[in-house]
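Everything below concerns the one structure shown next.
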Amino acid sequence: MILEKDQEITSLQHKLSILEADLEKTEMTLSELKSAHAVGESSRETNDNLNRKIQLLEEELDAAEKNVKETVEKSVYFSPIHDSSCLTFTYIGYGKSTLRQNILSVKCNASNKNETSGRRSAR
C-alpha cells in the first residue's frame, strides 16, 4: 500500500510539473499577445491620425488648386517693352483646361500694323 501511495505521489508530482510548465508557457504566450495587441492598437491609432491628416491635406490641396485655377483664369499680365519703333505687350495667362502657361505677344508699330504671335510654354 505504501508503494502504491509513493507511485501515486510521484505520478501526481510529474503531472504537476508538466502542468506548471504548461502554465508558464501559456503565461508567456499571453504576455506576448498582450504586448502585440498594445502595439497593434498604437499602430491603429497612428494610422487613423495619419489618415485624418492626409484627408485634411487633400482638402486643403483641393481648395488651393481651385483658388489657383480661379485666380489664373481671372489674371492677365501685361509687360510693356518699349523700343524706338513699337510697343510690345506680352500676355501671360493659363488655359482653362490646363495649367500650362500661354504666352501671346502683340506688337504694334507706328504705322498701326498689328502682328500677333503665340507660343505655348511648358513651364
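Here, each number is a calculation from the coordinates, and none is a lab measurement. Values in this document were obtained by computation on a predicted structure and should not be read as measured data.
Based on the Kirkwood radius over alpha-carbon pairs, what value in µm²/s does the Stokes-Einstein equation return for the translational diffusion coefficient of region 24-75 at 25 °C and 0.890 mPa s?
170 µm²/s
Hey, which aspartates and glutamates would be in cross-link range of Lys74, C-alpha to C-alpha under 17 Å, not counting anything within fewer than 8 residues on its own chain?
Glu65
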